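Chemist: Questions regarding the structure given below will be posed in turn.
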Amino acid sequence: RAWRRIQVKDDALATATGGIGGGVCERVGARAVAADGGPSTGRGSLGVGGGEDVGGVDVMVAVNEENIKSAATASTAAAGLIVGGPVLAIIAAMAGNYVAQQETEVGEVARGVGKVTLDVINFLLKVNTKYDVTGKAGAAASDAVASLKEKDAEGTISKVEGVLGEASVKVKELTSEYDLVEKGKQALSYASDLSNKAIDKGIELNKEYKLTDKVTDSVKTAVDKGVQAAKSG
């Protein structure tokens, strides 16, 4: 983990960040006063660094407005995927992203779900850091693979490992060369803006042409005709 030496502004900040006296070690990205007297400008984003120490608790994902909205979108997408598959996941993600941006009661609920999601993620990361869950799982998997290799006379597993290793190196090279992570984040941001604009336009058109009322009337008429046909039959 990246750490740096900083000079705290007062004793309260020293206590909050676990410092002793005038200097403490603090996770890069936390709000703090640097040694030169300027504020730390590190800002985390969901899933990409940005951890901070708050009240002595190591926060792996910064709980800020941007991350809360992103978590709300991810939560609705996951719910849509479970209920109705990929298509509903996309629709739910668009709806969740739109609602999370609104300054309404529904928007507050969506952001509340996002904050809870971040709290759960941070809790799981903290548990993993304390008990090394993924490390132990990885060690167990390595032992299992090693055991299989001993029984693999034809060396099939080693060949698969070689192919996967080469693919991993190639992906890293492409990611580094073309900055795919940053471009992917930009693409998601553009998609988010476009979906919000599309939803706003749809709401505007619905208010102007009363599309919902027309659909409701059409459905009601169809149902009435069906009932009448059933009675006459």
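Chemist: When you look at residue 132, is it at positive phi and surrounded by 10 or more Cβ atoms within 10 Å (Cβ to Cβ), yes or no?
Modeler: Working: at positive phi: yes; surrounded by 10 or more Cβ atoms within 10 Å (Cβ to Cβ): yes.
Against the criterion (at positive phi and surrounded by 10 or more Cβ atoms within 10 Å (Cβ to Cβ)), residue 132 qualifies.
Chemist: Check whether at least one residue in segment 187-194 is open to solvent by less than 80 Å² (accessible area, probe 1.4 Å), touching a residue at least 12 places away in the same chain (Cβ under 8 Å) and within 20 Å of residue 73 (Cα to Cα), and report yes or no.
Modeler: Yes: segment 187-194 contains one or more residues that are open to solvent by less than 80 Å² (accessible area, probe 1.4 Å), touching a residue at least 12 places away in the same chain (Cβ under 8 Å) and within 20 Å of residue 73 (Cα to Cα).
Chemist: Follow-up. Residues of segment 42-81 being open to solvent by 20 Å² or more (accessible area, probe 1.4 Å), at pLDDT 50 or above and either polar (S, T, N, Q) or touching a Pro at 6+ places or on another chain (Cβ under 9 Å) (or both), which ones?
Modeler: If the condition is that a residue be open to solvent by 20 Å² or more (accessible area, probe 1.4 Å), at pLDDT 50 or above and either polar (S, T, N, Q) or touching a Pro at 6+ places or on another chain (Cβ under 9 Å) (or both), then 64, 70, 73, 75, 76 are the ones that fit.
Chemist: All but one of (1) modelled with pLDDT of 85 or more; (2) open to solvent by less than 80 Å² (accessible area, probe 1.4 Å); (3) of a type in the set (S, T, N, Q) hold for residue 176; which doesn't?
Modeler: Tallying (1) modelled with pLDDT of 85 or more; (2) open to solvent by less than 80 Å² (accessible area, probe 1.4 Å); (3) of a type in the set (S, T, N, Q), residue 176 fails exactly one: (2).
Chemist: What are the residue pairs meeting all of these: first residue in segment 102-129, first residue over 16 Å from residue 75 (Cβ atoms), second residue assigned to a helix (DSSP H, G or I) and open to solvent by 70 Å² or more (accessible area, probe 1.4 Å), Cβ atoms under 6 Å, and 6 or more apart or on different chains?
Modeler: 128/134
Chemist: Going residue by residue through segment 137-159, is there one that turns out to be among the small types (Gly, Ala, Ser) and not in a helix (DSSP H, G or I)?
Modeler: Our first condition is that a residue be among the small types (Gly, Ala, Ser); within segment 137-159, this holds for 137-142, 144, 146-147, 153, 155, 158.
From what's left, not in a helix (DSSP H, G or I): 153, 155.
Yes.
The values are calculated or read from the model by the stated rules, or taken from the named source; none is laboratory data. Owing to the predicted nature of the structure, the values given are computational and were not obtained by experimental measurement. Reconstructed Cβ throughout: ideal geometry from the backbone, glycine too, with neighbour counts over all protein chains shown. The accessibility values were calculated without ligands, DNA or RNA, using every heavy atom of the protein model including side chains. Shrake-Rupley method; radii C 1.70, N 1.55, O 1.52, S 1.80 Å.
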